[in-house]
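Single-structure report; data block below.
Since every read-out is calculated from the coordinates, none of them should be taken as a lab result. Everything numeric in this text was worked out from a predicted model, so none of it was measured. Glycine gets a Cβ as well: all are built from the backbone with ideal geometry, and neighbour counts include every protein chain shown.
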């Protein structure tokens, strides 16, 4: 297991927390597939990894789109900034997948998962999503409360 869902920061909107828990489940399954493929580079392991990675990309696109629709509907003040973070992350995980498809370099994927993904996810939740969820709940920026 790469991430324990109990280690994730919680935000003040349940739908966002639920999506983050789903993210963790998919990421952990995908990480397991990465380790399996690293151990044995069979067609079966490759197909499992590719299918799970595509599922993760689709889930991430839907996750981000759901938040972005809410941000637009509620007039979230930092919409563009938050959306740009989403776009950069999505672009990065798609590029990693494209690179893997081309080179089959499992170490690049493994390195990203072990050294970048978890810290990015936790940081994004602690900063962007915490502020966004508070705005969804109260209509105010946490910055305005001090």
Full extension between residue 101 and residue 41 adds, at 0.36 nm per residue less the Cα distance, a length in nm of 20.3 nm
Expressed in angstrom and rounded, the centroid-to-centroid distance over alpha carbons for the range 1-42 and the range 54-83 is 19
With a Förster distance of 25 angstrom and the Cβ-Cβ distance between residue 110 and residue 25, calculated FRET efficiency to the nearest 0.05 equals 0.85
Under Stokes-Einstein, the range 26-137 at 37 °C and 0.692 mPa s, with its Kirkwood radius over C-alpha pairs, diffuses with a coefficient in µm²/s of 217
Restricting to Cα pairs under 8 Å and 6 or more apart, the percent relative contact order of the chain works out to 33
Taking 63, 20 and counting other beta carbon atoms within 10 angstrom, the fewest-first order is 63, 20
Between residue 84 and residue 58, the FRET efficiency computed from the C-beta separation at R0 = 22 Å comes out, to the nearest 0.05, as 0.60
Rounded to 0.05, the calculated FRET efficiency for the beta carbons of residue 51 and residue 140 at R₀ = 30 Å is 0.10
